[in-house]
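One structure is given below, encoded as structure tokens.
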Amino acid sequence: MMALHKYLIMNTLCYPILSIVIFLPLAGAILLLFMRGERSIKMTALITAAINFPLSLIIYSGFDIGTEKFQFGEFAPWIPAYNINYVLGIDGITIFLILLTTLLAPLCILCSWTAIERRVKEFMFCILIMETAMIGVFCALDFILFYVFWEAMLIPMYLLIAIWGGPNKDYASIKFFIYTLFGSVFLLVAIIAVYLTTGTFSIPDAMFRDYGFSFQLWVFLAFAIAFAIKVPMFPFHTWLPAAHTEAPTAGSVFLASVLLKMGTYGFLRFCLPITPKASVFFGPYMIALSVIGIIYGGFVCLSQTDMKKLIAYSSVAHMGFATLGIFSFTVFGWEGALLQMLNHGVTTGALFLCVGIVYERTHSREIYDNVGLGKIMPAYVGFFGLFSISSFAFPGTNNFVGELYVLIGIFSQSKLAGFFSIVGALLAAAYMLRLLKQIVWGREDKREIADMKAREVIYLLPLALFVVWMGLFPRPFVQVIEKTLMNLHSQMNIFLR
């Protein structure tokens, strides 16, 4: 317990705030099992998820940006015989990922209010279980606890695709499950290797130790395969388009906005501090794969006719910028990667919500079937236009800030990689402007299609406000993550000497 104080500031509140934020959705999910009545089930799920967001704001308001230590720490013995403990804590890397998760959960429930017509109880149960698992991943400071949450996320996401998905849901769900489980095996191998070497499952205790170079190489490869599949990086990306296309809107939002971030979070939390020399050794290869993903994702998007599939492939490109920033090994690059993780979660999640809105009306995701909505759905195309220009990093929007930081970081390391990243950014502008042109200014649509409902405005408005807020005033966000990343950089440099 004494060693915890080296890296963990224990929670000084009179209640375990991290545990409450993690397990409140689980408690709500259990409550749903005993309820009847579709409306009561929906309201209970919505209220549970909605309460969790202001609770996470308590964490944000009490977060100390002046320390690099983990904060709001909680500790309890779990399996003492194997030194496995219930340890929670957050730092600058995780704070915004938790806020993103708690913000999106009630929005996902709202967007499913009328779209999900069968097995509503089971659907809401899966959404709440997903929220618990995802927040748990970002708060866990014990390898086994982290792995339990990591695996707990797999089953509800599989069910969301397999039960409420589209025509090819069986193929998409099985492919998602196999890929993710394959990565989890490598993650478990890496965890066991670290435990056998250190004798502890404590994540902070395993960081910044003088491991042998050969050990670092093999452990990095095991970690990297697991996290590259989750991101997903090229060439491990093939499960993503099918999963996105077949998943219900809420599943696509959670998948794009939060689950993909677990991969980049893993690179920052595990690969850089535990295997710093191996990370630098494999850095050029990871940069090359990131650049390939950016270019490949851009070109594939240009040929898509399905809106949802286009946005899915754009995630391959956008997340390529995040991994590019991570393996630039600069503070600027890491800040850009974290901002890009947050920005991609907001913007891409919002775009999937927009596709869901129009799909409920036209029952088609094909661009050709949804052209010319500018005159008949002006409010809709207003939101869609904002999120579209944000997606290709138009100045004044949130993604511009993240990509700018990444480009500054990568240009300082490799001008060639920076050049190809610029090409990828231009491709993003090309395919998003093409989509926007068709949806807004295509042939005039003569159909009677209702514009957005109040419920739909409610769940898009906070995301739209964030796009503008981050785009114009990024400094408060950077301040929160700066201290943690500067400490990571200084510690890495010590072990790379």
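Net charge within 11 Å of Ala379 by Cβ-Cβ distance, Lys/Arg positive one each and Asp/Glu negative one each, not counting Ala379 itself?
Local net charge: -1.
How far apart, in nm, are the 7 Å Cα→Cβ label points at Ser490 and Glu360?
5.0
Rg to Rh ratio, the stretch 248-323, alpha-carbon atoms and Kirkwood radius?
Rg/Rh for the stretch 248-323 comes to 1.06.
Expressed as cubic angstrom per residue, what is the convex hull volume of the alpha carbon set of the chain?
Enclosed volume per residue, from the Cα hull, is 132 Å³.
How big is the charge dipole of the stretch 51-144 about its Cα centre, in debye rounded to the nearest 20, if each Lys and Arg gets +1 on its Cβ and each Asp and Glu gets -1 on its Cβ?
So the magnitude is around 320 debye.
Throw me the Rg/Rh for the stretch 263-372, computed over C-alpha atoms with Kirkwood Rh, two decimals.
That ratio equals 1.09.
Only loop residues by DSSP count here, and only those with at most 14 other Cβ atoms within 10 Å; note down the GluC sites (Glu not before Pro) in the stretch 34-139 that meet that.
Sparse-neighbourhood loop GluC sites (Glu not before Pro): Glu117.
Considering the Cα positions of the stretch 161-303, please state its Rg to one decimal place and its Dmax as a whole number of Å.
Answer for the stretch 161-303, Rg first and Dmax second: 16.7, 51 Å.
Given a 1.4 angstrom probe, what's the average accessible area per residue across the chain, in square angstrom?
Normalised by residue count, the accessible surface of the chain is 37 Å².
So which helices of the chain fit the span-like rule, where a helix is a whole DSSP H run, its Cα atoms reach 30 Å or more along the axis, and its mean Kyte-Doolittle is at least 0.5?
Membrane-span-like by this rule: 38-61, 169-198, 276-302, 331-362, 415-441.
Normalised by the number of residues in the chain, what is the relative contact order in percent for Cα pairs under 8 Å and 6+ residues apart?
Contact order relative to length: 15 percent.
Using only helices, what value at 222 nm comes out for the chain when you add -39,500 (n - 2.57) per DSSP H run of length 4 or more and divide by the total residues, to the nearest 500 deg cm²/dmol?
When only DSSP H runs of four or more count, the value is -23500 deg cm²/dmol.
The values are calculated or read from the model by the stated rules, or taken from the named source; none is laboratory data. Quick caveat: nothing in here was measured; it's all calculated off a predicted structure. Positions of Cβ are backbone-derived with ideal geometry, glycine not excepted, and every protein chain shown enters the neighbour counts. These accessible areas exclude ligands, DNA and RNA; they are computed on the full protein's heavy atoms, side chains included. Shrake-Rupley method; radii C 1.70, N 1.55, O 1.52, S 1.80 Å.
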